Each structure stands twice: as C-alpha cells, then as structure tokens.
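Enquirer: Encoded as structure tokens, here's the structure I'll be asking about.
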Amino acid sequence: MIKATKPYRTGAAQDFIDERLSRGFVSFSLQEIVTGTGLSVVAARNQLLRLKEAVVRVSPRQQYFLIVQPQHRILGAPPVEWWLNDYFKWLGQPYYLALLSAAATYGSSHQAVQETEIITQVPRRVMIIGRRRLRFFVKSSIDKTITQQLPRAYAPLTVSTPESTVFDLVRYAQRIGGFERAAETIAPMLSMITRAR
C-alpha cells in the first residue's frame, strides 16, 4: 500500500494505479485510493481527473473507477470480465455472467455478443462505459442458481453453469431476441449438459 508523505503529493494517484496494475487489478474505489495514498477525497478526484483517458468511472453516480491501459483505450475500458467480480464485491451484491454472455464462454455464439449480460438481485440501469455495454437482468432467487468460477479467467468471474444458462435463456428468451435465438444458442451446449445437474 502506498503512503503519501503529504496530502497533496503530486503523482500519488498514478503511483497507486501502477501498484494496482502490478497486482493484477484494473479497478478500484475512491475509498481505496484515499486510503492507499493518504490523499483527501478532493485531491484524489483532482489527480484522477488529470489522468484523463487512463481512468474512467463506471457511472457518474458511483465512486468506482476502471484503469484503462493503452491497449484498451480504443474501447474506453478494460474487458468487463477483468473487473466485474471486484465491482460487485464493492457493491456487496450477488451477480453472475449470464444468458448469451455465459453461452459465449462455453463456445456457443452464433453472433458476436454486443453487450455483457449479467444477472443480479437488484434492478440496475444499462451501463455504457466507452464502447462496452452492460445489461442487467433481475432474478430474486439468484442464490438458488448453480454457478461456477470461469476457469482460466484473468480474474475471478462467476458464470452460470451450462445447465443454469439453458434455464435462463428460456426464462428470458423474449428479452434476448426471442425463442428462436435462445434455441440456436442452446443447441451447441446440449453436449455439455448432464442429466444429474
């Protein structure tokens, strides 16, 4: 953790970001940078503003930031899969990668997925960060859905199992393009589904 020698130390935010990246993190909250640098809230915000396109907020109403490395600047944000788990941990809410996005992780994608689809327990508006679009679906019984960690992922990421993905695709079919799209997405996944699960 980086400690500032004085409240307005120039470059403290950049040092904090470099340290986060060296540990494999691409996101942080305002509270984390304040605690990690010793900067005041105002000084931390000002230093982040000066970093311009290297840092972006997930939402104007939330004090949560993404680190945008040069290779991701054309899209305006790092891959969603790299920071989604940390973001929901910060929110204190359950989530999982779902529907067409989950199916794509299992190799079933007839069309390029234009947005990241996430199921959570609390209604949330669509988030657009740079060119990345996150769409949220609500499920009150989210704790009963069988999920797993995506293997070989850059960061921890909770995703619905193939079986849960199939159930969700049917349940939300009308909101993802209709039953025909759900069926063509399910078909390549049938070999992954076990009767027991």
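Enquirer: Going through the stretch 13-38 one residue at a time, which ones are assigned to a helix (DSSP H, G or I), without any contact (Cβ under 8 Å) to a residue 24 or more places away in the chain and within 17 Å of A155 (Cβ to Cβ)?
Expert: Across the stretch 13-38, the qualifying residues are E19, S22, E32.
Enquirer: Test of understanding: among K52, K89, which residue is at pLDDT 95 or above and loosely packed, with under 15 Cβ neighbours inside 10 Å? Steps first, answer last, please.
Expert: Working: K52 fails: at pLDDT 95 or above.
After ruling out the rest, the residue left standing is K89.
Enquirer: For the stretch 118-152, what are the residues that are hydrophobic (A, V, I, L, M, F, W, C), surrounded by 17 or more Cβ atoms within 10 Å (Cβ to Cβ) and over 11 Å from Y95 (Cα atoms)?
Expert: So in the stretch 118-152, the residues hydrophobic (A, V, I, L, M, F, W, C) come out as 118-119, 122, 126-129, 134, 136-138, 142, 146, 150.
From what's left, surrounded by 17 or more Cβ atoms within 10 Å (Cβ to Cβ): 118-119, 127, 129, 134, 136-137, 142, 150.
Answer for the stretch 118-152, where residues must be hydrophobic (A, V, I, L, M, F, W, C), surrounded by 17 or more Cβ atoms within 10 Å (Cβ to Cβ) and over 11 Å from Y95 (Cα atoms): M127, I129, L134, L150.
Enquirer: I've got another one for you. Would you mention how many residues in the stretch 105-117 are surrounded by 14 or more Cβ atoms within 10 Å (Cβ to Cβ), farther than 18 Å from V26 by Cβ and touching a strand residue (DSSP E or B) at 6+ places or on another chain (Cβ under 9 Å)?
Expert: Total meeting the criteria: 4.
Quick grid of which residues meet (1) at positive phi; (2) among the β-branched types (V, I, T); (3) in the same structural domain as V166 (by TED's automatic domain parsing); (4) touching a His at 6+ places or on another chain (Cβ under 8 Å):
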{"residue": "L48", "(1), (2), (3), (4)": "no, no, no, no"}
{"residue": "R61", "(1), (2), (3), (4)": "no, no, no, no"}
{"residue": "W82", "(1), (2), (3), (4)": "no, no, no, no"}
{"residue": "Y87", "(1), (2), (3), (4)": "no, no, no, no"}
{"residue": "S101", "(1), (2), (3), (4)": "no, no, yes, no"}
{"residue": "T116", "(1), (2), (3), (4)": "no, yes, yes, no"}
{"residue": "T120", "(1), (2), (3), (4)": "no, yes, yes, no"}
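Enquirer: For the stretch 49-71, give me each residue that is in contact (Cβ under 8 Å) with a residue 12 or more places away in the chain, out of contact with any helix residue (DSSP H, G or I) (no Cβ under 9 Å at 6 or more places or on another chain) and under 15 Å from R131 (Cβ atoms).
Expert: E53, V56
Enquirer: Would you check if E180 is surrounded by 19 or more Cβ atoms within 10 Å (Cβ to Cβ) and acidic (D, E)?
Expert: Working: surrounded by 19 or more Cβ atoms within 10 Å (Cβ to Cβ): no; acidic (D, E): yes.
Considered against the rule, which asks whether it is surrounded by 19 or more Cβ atoms within 10 Å (Cβ to Cβ) and acidic (D, E), E180 comes out as no.
Enquirer: Is there a residue being of a type in the set (S, T, N, Q) and in contact (Cβ under 8 Å) with a residue 12 or more places away in the chain anywhere in the stretch 135-142?
Expert: Looking only at the stretch 135-142, we keep the residues that are of a type in the set (S, T, N, Q), and these are 140-141.
Still in the running and in contact (Cβ under 8 Å) with a residue 12 or more places away in the chain: 140.
Yes, the stretch 135-142 contains a residue that is of a type in the set (S, T, N, Q) and in contact (Cβ under 8 Å) with a residue 12 or more places away in the chain.
The values are calculated or read from the model by the stated rules, or taken from the named source; none is laboratory data. All values reported here derive from a predicted model rather than from experimental measurement. Methodologically, a virtual Cβ is constructed for each residue, glycine included, from the backbone with ideal geometry; neighbour enumeration extends over all protein chains shown.
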